[in-house]
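> Got a structure here, written out as structure tokens. Questions coming.
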Amino acid sequence: MEEIKLFAPATIANVSCGFDVLGLCLDTVGDEMTIRKTTTKGVTISKIIGQPLPLDPAKNVAGVAALALLKQLDINTGFDIQIIKNIKPGSGIGSSAASAAGAVFGINKLLGTPFSIHELIEFAMEGEKLASGTAHADNVAPALLGGFTLVRSYDPLDIIKINTPKELYATVIHPQIEIKTSDARSVLKQKISLKETVIQLGNLGGLISGLYTEDYDLISRSLHDEIVEPYRSILIPEFDTVREVAKKVGALGTGISGSGPSVFALSKGKEIAKTVGEAMSKVYQNTTIDFDVHVSKINSTGVKII
Ligand code: ADP
């Protein structure tokens, strides 16, 4: 195989009570990547369509993740990457993670699969380090494994794939405002109380249990974030209204996608998820804020060859 074409999916990190540990993979939103073998060693990025991102592999997460993988091998082959960038950077649905995950998945396939998916997660995390300063896994893990994932531990890295209920859909609305990462971080409380911790643990346990038993009521009751959302949501205009209207038309629950500004809702079935998208859209139609809406089944396989 000399060339591979991939769908590199968008992802939702945090997932309400799963702050910094849970993530899920989307199915209808993602980038397209073409990766081909070259005779010169190293990595080139020859084309990016859709967003003004750097072609220099050292400044692009796709290049950094690819180089982290190649560093482990002694080979004379190189790789060229082309990206059709559909996921807007900074939207909160794992734009950088999609590129990092796609790059390592594609190169691994072209090389005859020398690395496991879990090893690929570690290479993709190097790309995330370039984008956000920390090598976090909560977007690259669901992008590579699909479904819901849990980062149980970073030291050692221990990532668990969690069952995805068959009728679960996500609706994501992206109000096009900029939230500075420094602001998204500085609004968080650095100390949380025992009481808040207990509430969060109860909900996280409930959510994981609800995902395995496909108990939609339990999922709904558990989609509550005690420690981040109350503070971070202040940075997202109309957040409370979006949450209220989504619940009113049948969403199981809502939350901030990654560090925002995108807001997600989970629903049982596509029809409710679409209605939720329409209700959320109406909120921003009454403002001057531009927005995109996506309705997606949870993607249980992750990066796909197309
Ligand atoms: P979000 O998850 O909020 O959408 P990201 O984690 O995707 O945001 O971070 C986007 C940052 O990563 C931007 O500063 C962007 O310039 C940088 N970046 C570098 N390479 C890429 C790439 N291939 N795709 C997306 N963002 C990239």
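The values are calculated or read from the model by the stated rules, or taken from the named source; none is laboratory data. Quantities reported herein were computed from a predicted structural model and do not represent experimental measurements. Here Cβ is always computed from backbone atoms with ideal geometry, including for glycine, and neighbour counts include all displayed protein chains.
> Looking at the structure I just gave you, is Glu126 in contact with a helix residue (DSSP H, G or I) (Cβ under 7 Å, 6 or more places away or on another chain), of a type in the set (D, E, K, R) and at pLDDT 95 or above?
yes
> Among the residues of region 125-135, is any outside any helix (DSSP H, G or I), within 13 Å of the ligand (Cβ to nearest atom), buried (at least 17 other Cβ atoms within 10 Å of the Cβ) and of a type in the set (Gly, Ala, Ser)?
Taking every residue of region 125-135 in turn, at least one turns out to be outside any helix (DSSP H, G or I), within 13 Å of the ligand (Cβ to nearest atom), buried (at least 17 other Cβ atoms within 10 Å of the Cβ) and of a type in the set (Gly, Ala, Ser).
> Let me ask something else about it. Just give me the residues in region 261-306 being of a type outside the set (D, E, K, R), in a loop (DSSP other than H, G, I, E, B) and at pLDDT 95 or above, in sequence order.
Pro261, Ser262, Gly269, Thr287, Thr288, Ile289, Asn299, Ser300, Thr301, Gly302, Val303, Ile306
> Something else now. Considering each of Pro165, Pro142 in turn, give the residue that is touching an Asp or Glu at 6+ places or on another chain (Cβ under 6 Å) and either in a strand (DSSP E or B) or not aliphatic (A, V, I, L, M) (or both).
The match here is Pro165.
> Hey, among Ala131, Ala170, which residue is at pLDDT 95 or above and within 17 Å of the chain's Cα centre (by Cα)?
None of the others qualify; the one that does is Ala170.
> Only one residue in Val293, Val263 is under 20 Å from the mean Cα position of the chain (by Cα) and surrounded by fewer than 17 Cβ atoms within 10 Å (Cβ to Cβ), so which one is that?
It is Val293.
> Name the residues in region 213-232 that are within 17 Å of Ala273 (Cβ to Cβ) and either in contact with a Lys or Arg (Cβ under 6 Å, 6 or more places away or on another chain) or buried (at least 18 other Cβ atoms within 10 Å of the Cβ) (or both), would you?
Tyr216, Ile219, Ser220, Leu223
> Let me ask something additional. For region 255-292, name all the residues that are in contact with a Ser or Thr (Cβ under 9 Å, 6 or more places away or on another chain), of a type outside the set (A, V, I, L, M, F, W, C) and within 22 Å of Lys180 (Cα to Cα).
Of everything in region 255-292, those that are in contact with a Ser or Thr (Cβ under 9 Å, 6 or more places away or on another chain), of a type outside the set (A, V, I, L, M, F, W, C) and within 22 Å of Lys180 (Cα to Cα) turn out to be Gly255, Ser257, Gly258, Ser259, Gly260, Pro261, Ser262, Asp292.
> Look through region 66-107, keep the residues that are within 9 Å of the ligand (Cβ to nearest atom), β-branched (Val, Ile, Thr) and assigned to a loop (DSSP other than H, G, I, E, B), and return whichever of them is surrounded by the most Cβ atoms within 10 Å (Cβ to Cβ).
Ile93
> Sticking with this structure for a sec: Identify, please: which residue in region 177-212 is in a loop (DSSP other than H, G, I, E, B) and hydrophobic (A, V, I, L, M, F, W, C) and is, among those, modelled with the lowest pLDDT? So that I can check it myself, show each step before the final result.
From region 177-212, those in a loop (DSSP other than H, G, I, E, B) are 177-180, 187-193; that's our starting set.
Subset that is hydrophobic (A, V, I, L, M, F, W, C): 177, 179, 187-188, 192.
Details: Ile177: 95, Ile179: 90, Val187: 94, Leu188: 94, Ile192: 96.
This residue is Ile179.
> Select from region 37-47 the residues that are without any contact (Cβ under 8 Å) to a residue 60 or more places away in the chain and of a type in the set (Lys, Arg) and list them in ascending order.
Correct list: Lys41, Lys47.
> Another question, then. Give the residues of region 108-121 that are in contact with a helix residue (DSSP H, G or I) (Cβ under 8 Å, 6 or more places away or on another chain) and either assigned to a helix (DSSP H, G or I) or modelled with pLDDT under 95 (or both), sorted by residue number.
Of everything in region 108-121, those that are in contact with a helix residue (DSSP H, G or I) (Cβ under 8 Å, 6 or more places away or on another chain) and either assigned to a helix (DSSP H, G or I) or modelled with pLDDT under 95 (or both) turn out to be Asn108, Ile117, Leu120, Ile121.
> Same structure again: Any residue in region 65-79 that is touching a helix residue (DSSP H, G or I) at 6+ places or on another chain (Cβ under 8 Å) and within 23 Å of Val293 (Cα to Cα)?
Checking region 65-79: not a single residue is touching a helix residue (DSSP H, G or I) at 6+ places or on another chain (Cβ under 8 Å) and within 23 Å of Val293 (Cα to Cα).
> Hey, can you tell me all the residues within region 221-276 that are among the polar types (S, T, N, Q) and within 26 Å of Val198 (Cβ to Cβ)?
Ser222, Ser233, Thr254, Ser257, Ser259
> Can you tell me which residues in region 251-260 are out of contact with any Asp or Glu (no Cβ under 9 Å at 6 or more places or on another chain), part of a loop (DSSP other than H, G, I, E, B) and away from the ligand (no atom under 16 Å from the Cβ)?
Ala251, the sole residue that qualifies.
> Let me ask another. Asn163: closer than 25 Å to Met280 by Cα and at pLDDT 95 or above, yes or no? Spell out the reasoning first.
Values: closer than 25 Å to Met280 by Cα: no; at pLDDT 95 or above: yes.
Spelling it out, it is not the case that Asn163 is closer than 25 Å to Met280 by Cα and at pLDDT 95 or above.
> Search region 5-55 for residues being more than 15 Å from the ligand (Cβ to nearest atom) and charged (D, E, K, R), and hand back the single one that is modelled with the lowest pLDDT.
Lys41
> Within region 221-229, is there a residue that is more than 19 Å from the chain's Cα centre (by Cα), within 22 Å of Lys247 (Cβ to Cβ) and part of a helix (DSSP H, G or I)?
Within region 221-229, one or more residues are more than 19 Å from the chain's Cα centre (by Cα), within 22 Å of Lys247 (Cβ to Cβ) and part of a helix (DSSP H, G or I).
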